[in-house]
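In what follows, a single structure is set out as structure tokens and then discussed.
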Amino acid sequence: MTFRKLLGIACCAVLTVACVPTASAAPAAQESRTPDVPYVPTPQAVVDEMLKLAQVKKGEVLYDLGSGDGRIVVTAAKKYGAKGTGIDINPERIREAQENARKAGVTDQVRFIEQDLFQTDLRDADVVTLYLLPSVNLKLRPKLQSDLKPGARVVSHSFDMGDWKPDKTVEVDGRKIYLWVIRKSN
Ligand SMILES: C[S@@+](CC[C@H](N)C(=O)[O-])C[C@H]1O[C@@H](n2cnc3c(N)ncnc32)[C@H](O)[C@@H]1O
């Protein structure tokens, strides 16, 4: 079974659980709500290609929305000298990412925040990386187009943005990577 099928199955399971009505009418606290996407890490070769495609430069500000174990943020800091922020709704992932940043010696360049990615202020971002799902990309698209400054780049592993055509698409080990550059008219 391919990775993408596995991710699809895992996501359906998450969505099914999330959609089952419960006896309690009280809304869950924001940080404890069900993740929109299950945790599946991006292979390092794909991480490297995503950062290359984004043309990350020293001192640029990068956000990984749904940052998992922090590998994209840590690599951007170590390899390109970027200032990275990882956002994840799962506190266990945040702890792992902080430990990985410590091991890589980049704690002064990165931070990891436990937060719902739809609440993140992206106005200072030069680069945003994503490995989410098609439906989540589409829900996030208006926020990316309104928050991000002209020249900012969005890079997504595996999933596109519907009819928002990418500026470039590359393939690594059978996985697609999409790049969009924000323009005044987006
Ligand atoms: C497919 S993994 C990608 C991890 C990492 N970006 C990578 O490429 O290796 C998706 C991550 O998004 C997180 N996530 C799911 N829904 C989220 C939400 N609403 N806000 C923040 N993080 C979320 C999950 O906990 C998981 O770690």
### Query
Counting just the residues of segment 85-121 that are of a type in the set (Val, Ile, Thr) and free of Cβ contacts under 8 Å to residues at least 40 places away in the same chain, which one comes out nearest to Lys143 (Cα to Cα)?
Ile87
### Message
Quick test for you: out of Glu92, Glu99, Glu31, pick the one residue that is within 11 Å of the ligand (Cβ to nearest atom), at pLDDT 50 or above and either part of a helix (DSSP H, G or I) or surrounded by 15 or more Cβ atoms within 10 Å (Cβ to Cβ) (or both).
### Response
Glu92
### Query
Name the residues in segment 51-84 that are free of Cβ contacts under 8 Å to residues at least 40 places away in the same chain and of a type in the set (S, T, N, Q), would you?
Thr75
#### Entry: Search result, residues across segment 128-148 that are more than 13 Å from the ligand (Cβ to nearest atom) and closer than 18 Å to Lys83 by Cβ
Asp147, Leu148
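To keep it simple, each residue is scored yes or no on (1) near the ligand (Cβ under 9 Å from one of its atoms); (2) closer than 21 Å to Asp167 by Cα.
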| position | (1), (2) |
| --- | --- |
| Leu53 | no, yes |
| Thr85 | no, no |
| Leu117 | yes, no |
| Pro150 | no, yes |
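The values are calculated or read from the model by the stated rules, or taken from the named source; none is laboratory data. In this text, all values refer to a predicted model and were calculated from it rather than measured experimentally. Heads up, the Cβs are rebuilt from the backbone with ideal geometry, glycines too, and the neighbour counts pull from every protein chain shown.
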